[in-house]
Amino acid sequence: MKTIEVVAAVIRHEDKIFTTQRGYGDQKGGWEFPGGKMEPGETPQEALIREIKEELDTEIEVGDLIDTVEYDYPKFHLTMHCFFCTVKHGNLVLKEHEAAKWLTLETLDSVDWLPADQGLIEKIRQTLTH
C-alpha cells in the first residue's frame, strides 16, 4: 500500500477553527482541515504555506505541531502532519473547496469530518479549552 504524506492547517482565530468541505475526489463532501501533499525537499511548514496560498489565496503563519496522524484508507496509507496556524494576510478565498466554516468548541462535531481528520478533533478540543 502506498503512503501519501500531507500537511494540514488548523487555522485559529480567537476561539474559532477554520474548516473546509472537499470539492473533489473520493472524499468529496467530507469536512477536513485545508492543506495538501508535500513536495520533495519541502519541510511540512513550507508545504503548508504553499498549499494554503494555492487553495485559499492566504498567507499563514505556521505554529505548533498538533499531531502527526497515521490513517489507513482503503487505497493508501495517509501520514498527515497537522499544525495550528494563524492568518498573516488574506481572506481565505475558496478556490478548490465547496464550502468553509468557522467552528467553535461547541460546533466542532456539527460537520461530517473525514476519517483521518476525526482523530484530531479531541486534541483540538483540549487545546481550545485551556
Residues of the range 1-28 that turn out to be under 21 Å from Ile66 (Cα atoms) and small (Gly, Ala, Ser), as a count
2
Check Thr127, Thr86, Thr107 and return the single one that is exposed (fewer than 13 other Cβ atoms within 10 Å of the Cβ) and of a type in the set (Ser, Thr, Tyr).
Thr86
Given (1) exposed (fewer than 13 other Cβ atoms within 10 Å of the Cβ); (2) under 20 Å from Gln27 (Cα atoms); (3) touching a Gly at 6+ places or on another chain (Cβ under 8 Å), index of the condition Glu96 fails
(1)
Could you please find all residues in the range 1-49 being under 12 Å from the mean Cα position of the chain (by Cα) and surrounded by fewer than 16 Cβ atoms within 10 Å (Cβ to Cβ)?
Lys37
Specify which of the listed residues (Ile52, Ile60) is crowded, with 18+ Cβ neighbours inside 10 Å, in contact (Cβ under 8 Å) with a residue 40 or more places away in the chain and in contact with a Lys or Arg (Cβ under 9 Å, 6 or more places away or on another chain).
Ile60
Of all the residues that make up the range 40-49, how many are free of Cβ contacts under 8 Å to residues at least 24 places away in the same chain and among the hydrophobic types (A, V, I, L, M, F, W, C)?
1
Regarding the range 9-23, can at least one residue be identified that is closer than 12 Å to Asp117 by Cα, out of contact with any Ser or Thr (no Cβ under 8 Å at 6 or more places or on another chain) and aliphatic (A, V, I, L, M)?
yes
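Coordinate-derived values only; no laboratory data. Quick caveat: nothing in here was measured; it's all calculated off a predicted structure. For neighbour counting, all protein chains shown are included, and Cβ atoms are generated from backbone atoms with ideal geometry for every residue, glycine included.
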